[in-house]
2 protein chains.
Amino acid sequence: MPVESARARTLLHVHPTEVSLQVALDALADPVRRAILRDLAAHDDWTRACGTFDLPVKKATASHHFAVLRAAGLIEQRDEGARRLNRLRRDEFESAFPGLLAATVDRPD
Amino acid sequence: MPVESARARTLLHVHPTEVSLQVALDALADPVRRAILRDLAAHDDWTRACGTFDLPVKKATASHHFAVLRAAGLIEQRDEGARRLNRLRRDEFESAFPGLLAATVDRPD
């Protein structure tokens, strides 16, 4: 499936240990991105597909937000057929930035 | 001293309980502002004057950063003669945003 492969190649991930505090804070300092993270925190890993989030933005903007979260080591994504599934990288992000998820995502805005 | 009074009137403070998480994160998501907060965290309250911080920005930019920190409930300022003294609002900010200073200021970038 060459189309699938092309899509998969665009999924660049960054491990939280490679992320600066500045990049982590920039990623968290957006209400739509915090909404995505809270949604993921409330569901099992790999059960939430990108298209199913209830977000107040258009699809292209949502895709940008997911890419920012990936680049900040906050989420992991994988394609499964036509769906792009997501996982909050809670444990590894917590190791790199202790307490930051608790102070920003595990609380209301 | 009318000039002093005019200066003092510009010192609008916002209590951390009146600050949104978005405003708090925007304030913390800047390396110069984190440098100011870390400096304050390392010194006793009211011992650091604005002009004495070693910052890589011009005076007007530094003043802007101090104003952002004030508006986010992160610092308190008061004029003492020609000096503007600062205090990190650690306890009240911690009450409003538990763990956020620990995750951002009490660690290196």
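The values are calculated or read from the model by the stated rules, or taken from the named source; none is laboratory data. Computed from a predicted structure; not experimentally measured. Note: ideal-geometry Cβ built from the backbone for every residue, glycine included; neighbour counts use all protein chains shown. When the accessible area is computed, the model is the full protein with side chains, heavy atoms only, and any ligands, DNA or RNA have been set aside. Shrake-Rupley method; radii C 1.70, N 1.55, O 1.52, S 1.80 Å.
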Query raised in the report: Ignoring any ligand, DNA or RNA, what whole percent of the accessible area of the protein assembly as shown comes from carbon and sulfur when the probe is 1.4 angstrom?
Result: 55
Report summary line: Farthest towards the positive end of the dipole of chain B, among B:S95, B:A35, B:V105 and with Cβ unit charges of +1 on Lys and Arg and -1 on Asp and Glu, lies the Cα of B:A35
Query raised in the report: Using modelled amide H (1.01 Å from N, peptide plane; none on Pro or chain starts), what sits under 5 Å from the amide H of A:R89, excluding residues fewer than 5 places away?
Result: A:I75, A:E76
Query raised in the report: Taking each residue of B:22-33 in turn, how many C-beta atoms of other protein chains fall within 10 Å of its C-beta, and what is the average?
Result: 4
Query raised in the report: Once the whole set of protein chains is in place, how much accessible area is left on A:I36, using a 1.4 Å probe, in Å² to the nearest 10?
Result: 0
Query raised in the report: Within the stretch B:93-109, whose backbone N sits under 14 Å from a point 7 Å along Cα→Cβ of A:D106?
Result: B:98-100, B:103
Requested in this report: Would you mind listing the distances between the B:D45 label point and the same position in each other copy? Use 7 Å along Cα-to-C-beta, nm, one decimal, shortest first.
Outcome: 4.5
Query raised in the report: Quick one: label points 7 angstrom along Cα→Cβ at B:R83, distances to the other copies in nm, smallest first?
Result: 6.3
**Report entry** Relative contact order for chain A, counting Cα pairs under 8 Å that sit 6 or more residues apart, in percent
**Finding:** 36
**Report entry** Computed helical MRE - 222 nm, chain B, DSSP H runs ≥ 4 contributing -39500 (n - 2.57), nearest 500
**Finding:** -13500 deg cm²/dmol
Query - Residue-wise HN-Hα coupling along the stretch A:62-78, computed from phi with Karplus coefficients 6.51, -1.76, 1.60 (Hz; x: Gly, Pro) - result: 4, 4, 4, 4, 4, 5, 5, 5, 5, 5, 9, x, 8, 9, 10, 10, 8
Query raised in the report: To one decimal in nm, how far is B:P56 from the same spot in the other copies, if labels go 7 Å from Cα toward Cβ? Please give the shortest first.
Result: 3.6
Report summary line: Within the stretch B:45-103, DSSP-loop trypsin sites (Lys or Arg not before Pro) with at most 13 other C-beta atoms within 10 Å are B:K58
